[in-house]
Every structure is written in C-alpha cells, then in structure tokens.
Amino acid sequence: MKATSSFKISTHSYFYILLFMTTLGTKIRKLRELKNLKQEDMADKLGISVTAYGKMERDETDISMERLDQIAKALDLSVQDILAFDEKVLFNFLSTASQCGYNYSINNYGINDNERKLYEDNINLLKDKILSLEKALESLNQENEKLKSNSK
C-alpha cells in the first residue's frame, strides 16, 4: 500500500472519534460494571441465559423497548438514564472536580473510590499509550517524507 501525505489523522484523533461511538450494549455493560454486577446477576434478574445477556452487551442482538425497560429496572435506573449515560461526562466531572480541589464522590452509579482510581489509572495509561503512538506515527511520517524527498 502506498502512503500518501494528502490526509493525515493523528492517533489521538482516531481514538477520540471512537470514544464517541458508544452503543446501547456498551452503555448497559458500563452501567452494570459501575453497579458492581456480573453478567450472571443481570441474566438471573432478566430470566435469560448469560449467553443471551452477553449478546445484548456486545450488540449482537437487538434490544426491544420491553427488554430495555427490564434492564433499567434490574439496574435500578430509568430507560432515560441508560440512553443518556455517557461515561466521559462522569469521568470528566470527577477529573475537573479534583483539579479544582473538590472532593466529590459519585454514588449514583455505585462507583467506589477503588474503582474510580482504577478507571483513572486506566485512563492515564491509555493517554500515555496514545501519546506514545502519536510520537511513533509522527516519526514514521517524518521518515516517509524523507524517503519521498530522497527519491525525487
């Protein structure tokens, strides 16, 4: 495949785009995890197999409004809470609050301090990986430009 320099997208931008593509199944999975529930717990509450429940979280099967209502009740949330859930808002709020010196704890979704720390550590690790990949991409772009200029 021949590399072109007409269109470049940074790795950071690519991951940023992917972050905004949160599916219903992903929202349900993240809310379940924030509530400290296992797939088995949800499957039992819904009266379905773990395999069937897992398919919903992986978006391998459609979720009816009736099933979504059952999921909301199992998570002790409203359907609107599930549809509107955006983990980035939750974590941005926590991050901004801590940067301003506030010590908030969000318990609406059952996230405890250890889980929050784990998520924050994972986010920081991913940020470091993104920066590393951006540097590697930039280095490759520079090398590509050098090779192009040497071949002229």
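Please treat every number below as a calculation from the coordinates, not as lab data. Computed from a predicted structure; not experimentally measured. Glycine also receives a Cβ, built like all others from the backbone with ideal geometry; neighbour counts cover every protein chain displayed.
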Multiply the residue separation of Asp44 and Ser149 by 0.36 nm, subtract the distance between their alpha-carbon atoms, and state the gained length in nm to one decimal.
31.5 nm
Calculate, in nm to one decimal, what Lys73 and Leu140 gain on full extension: separation in residues at 0.36 nm each, minus their alpha carbon distance.
19.1 nm
Taking the range 24-84, which GluC sites (Glu not before Pro) meet the DSSP loop condition and have no more than 16 other C-beta atoms within 10 Å?
Glu60
Ignoring solvent entirely, what values of log10 I(q)/I(0) come out of the Debye formula for the range 23-85 at 0.20, 0.29 Å⁻¹ when each Cα is a single scatterer?
-0.66, -1.63
Applying 1/(1 + (r/R0)^6) with R0 = 25 Å to the Cβ-Cβ distance of Met65 and Asp121, what FRET efficiency is obtained, to the nearest 0.05?
0.10
Are any of the pairs Lys27/Lys127; Lys30/Lys135; Lys35/Lys73; Lys129/Lys152 more than 24 Å apart by Cα-Cα distance, and if so, which?
Lys30/Lys135; Lys129/Lys152
